[in-house]
Every structure is written in structure tokens, then in C-alpha cells.
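Notes to accompany the following structure.
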Amino acid sequence: MTLNVCKAFEGIEEFLPDNFSFENNHTSTKIYNAYCPISKETGKGKCGTIGQIVSAVTTLLLKNLFTGDDYIESDNKNNEYITYIMLWLSDKMKLIKTGNYGSVSDFDTTFIKYDEYYNENIDQINKKENIMNIKIDEMHKLYGLLNDLCNVITKYTNDPSNCSSFSNFASNWEKQSNQLVNKKIKVFEDEYYCDVLLTLKNAYQKFRNDNHIQNKLPQIIDIEEINNCKKLCKAATKSWIICSYKETGKGKCGTIGQIVSAVTTLLLKNLFTGDDYIESDNKNNEYITYIMLWLSDKMKLIKTGNYGSVSDFDTTFIKYDEYYNEHIDQINKKENIMNIKIDEMH
């Protein structure tokens, strides 16, 4: 990781500081307006909510990092820039006081998914889409590490003799890694959390090595389990997104979205099991079509977020359900209809 990446985050704070207020700070002349939704009246970008501003500034950050002379290919060999942007976005989502976004994926679906410039980078973004499903509280912890890392890089560049806070990143990284290793019940997203930990560790080590300052920055203790994230989390059987199992072993739904997901799974089970199943009625996988049409209607019960298709809902709530995935082959045969615009599905 190099100083230019940290400077990009520092520079974007001018447009979206932590104390940003839509009423007090937003003006139509700021540069991020170019990435706001296009107004029919003026033909220019116009943001009407804080969520739209966060989306626009995210797109601006994306452009700043990927274009111009500051882009350094060796810093982005494994698509690290997208990881850093998603961590930054998870932090800025705190500015949105309405709605309930449990992950960056929820925000992406509601605000930014269809932005033109954002989609110029969609191949790179899709390679990192798994980390967008990490629980927002966990993303905040990872963003804290990114912030620690940039503090080390910036402070060392400004004053190499001031080493007082250089150990913060290393100690906090070790703490979070040990917490993950010792976590008794893991979920699918823990593997992606582990991947981000490795990305940040490698960025730190690269800065130490490239600047030949191994004697000034502390070496991170090697935690063997973190080096193989897939193996570490192989026992995971479900996602945090679906109704989570507590100590009682019983499902618990905390949102209307989780309830719609759970009842969809119940409908799937009712149609495909028991004496009522009629094979001749389902020769061409019609049952999945009927279920997706029903689901498109029940999505109206969800008052937060903006799901433009059944596919958006599927990605956010139901994709990792154990029973749902027993029928994944049949569902995948009908995945195209899940992308139909929600109004048309109705």
C-alpha cells in the first residue's frame, strides 16, 4: 500500500466528512453532483437524500483511485482498491439515518448498483462482491484497521522519527485475527472477513518492505489459521443474513425481510415435499416460477431498501438458506426471471 491511496481517502473527506449534514453541507455546486441521479428538469446530477450523496461520493472515490497519474498497478494486483473502497463505504453509511442496512450489499442494491461509472468497474467490483455481504458491524472493525494502516503510512511519511503509534495496526490486526480464529460458531461471511484481514496484512508488509523499514515498523505475529481462510471457516453452514440460530437452536427473525425470506423457504418446502407434490405439474420447473412471482408480491412488505428485482432480494436475504440451497439447481434454471424488473413481475 502506498501513500497515494491514503491521500485519496483523505481528499474525499472534503466532500463527506463524518459530521456531514445534508441540510447544512450539501450544495448543488460540489463536484460529486456529477454522479448524483440525473434530474429530468435540468439534465444534470441532483442528489435529494444523504444516501444518494454517499453513493455519489463513493463513485467519485472510485474514479479518483482508478484514473489519473496516482493509480499504481502494483498496489492493486489483487483488486485491493475495491476492498478499501467498500471498507470506507461501510463507515460512511453511518451518515444515513433512515433505513436499516445490514451490509454494504444492502446499500449497493438500494443506491449505487445502476450508476453508469460504477458499472464501468463492475468486473472488478464483482470479484469482491462477497465482502459486501459481511455484517456491517464487522466491516466497521475492518475499516478501523484500514484507518490504522493509513495513519502509519501517513505519519511515517511525514516524520519517520515519530514511531509512537506505529504499533497500533499490528496489535489491532492480531487482536481481530485471534478473535476470528477463536470464534466458536462461524458463518459463511467469516471467510470473507478473513480474506480482508489478509489483504490488510499484506498491504502493511508491502509498505514495510518497499520502504526498507522493517526495523521501524513491528512485524505482525504469524497466525497460521488466517493464512487459509477457506479451511478456517469450512465448518460454517449458514449466513448471518438469514434467521440466525441462537443457543437454543431455534431460528429468530429480526426484520420483515428475514420473515419474507423464511416464509419463502417454507413455501418452497411445502410445494416440493409431501403427498401434495405432483410431478406432472412441475415438468418444466413451473413451481419455481410460481414461487418467484409470489415472492415479488410479498416484497412490498419491506419498507426499507429498494429492491429492483427478486434477484436483489435473493442476494440480500435468502441466498444462503440451507433448505433453499437444496433446490439450487432448479432455482438456477429459472434465475433469469429473477432479474425481471419488479414492476413487471407484479
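Taken together, the values in this text are just the output of simple stated rules run on the coordinates, not laboratory data. Note that the structure is predicted; figures quoted are calculated from it, not measured. Glycine gets a Cβ as well: all are built from the backbone with ideal geometry, and neighbour counts include every protein chain shown.
Can you tell me which lysines have their Cα less than 16 Å from the Cα of LYS234? Leave out same-chain residues fewer than eight positions away.
LYS183, LYS184, LYS186
Listing ASP115, ASP18 from the residue with the fewest other Cβ atoms within 10 Å to the one with the most, what is the order?
Numbers: ASP115 19, ASP18 9.
Result, fewest neighbours first: ASP18, ASP115.
Could you put THR2, THR289 in order, starting from the residue whose Cβ has the fewest other Cβ atoms within 10 Å?
THR289, THR2
Kindly put THR237, THR83 in sequence by how many other C-beta atoms sit within 10 Å of each C-beta, fewest to most.
Fewest-to-most ranking of THR237, THR83: THR237, THR83.
Using only the Cα atoms of the chain, each taken as one equal point scatterer with no solvent, compute I(q) by the Debye sum, divide by I(0), and report log10 of the ratio at q = 0.16 Å⁻¹.
Per q value, in the given order, log10 I(q)/I(0) is -1.45.
For GLY45, which sequence-distant residues (separation of 5 or more, or a different chain) have an amide H within less than 5 Å of its own amide H, given hydrogens modelled in the peptide plane?
Amide H neighbours of GLY45: SER39.
Taking the alpha carbon gyration tensor of region 283-346, what are the square roots of 5 times its eigenvalues, largest first, to the nearest whole Å?
Output for region 283-346: semi-axes of 19, 14, 9 Å.
Which order do the peptides 210-219, 307-316 take when ranked by the mean count of other beta-carbon atoms within 10 Å per residue, highest first? Walk me through the numbers on the way to the answer.
On the way: 210-219: 13.1, 307-316: 21.6.
Highest mean packing first, the order is 307-316, 210-219.
Mind checking the dipole of the chain: about its Cα centre, +1 per Lys or Arg Cβ, -1 per Asp or Glu Cβ, Debye to the nearest 20? Could you put the intermediate results ahead of the total?
Values: 40 positive and 48 negative charges, 138 e Å.
So the dipole magnitude of the chain works out to roughly 660 debye.
How are the C-alpha pair distances of region 134-240 spread across 10 Å bins, as whole percents from the shortest bin up?
With 10 Å bins starting at 0, P(r) equals 14, 46, 27, 11, 2.
Please compute the modelled spin-label separation between ASN282 and GLU10, points set 7 Å along Cα→Cβ, answer in nm with one decimal.
6.0 nm
Given q = 0.11, 0.15, 0.17 Å⁻¹, what are the Debye log10 I(q)/I(0) values for region 1-109, with equal point scatterers placed on the Cα positions and solvent ignored?
The calculated log intensity ratios at q = 0.11, 0.15, 0.17 Å⁻¹ are -0.36, -0.67, -0.85.
P(r) of region 42-102 in 10 Å steps, Cα pairs, percent per bin?
19, 43, 28, 11, 0
In sequence order, what are the phi-derived ³J(HN,Hα) couplings for region 335-343 according to the Karplus relation 6.51 cos²θ - 1.76 cosθ + 1.60 with θ = phi - 60°, rounded to whole Hz, with x for glycine and proline?
Residue by residue, region 335-343 yields 5, 4, 5, 6, 8, 5, 3, 4, 4 Hz.
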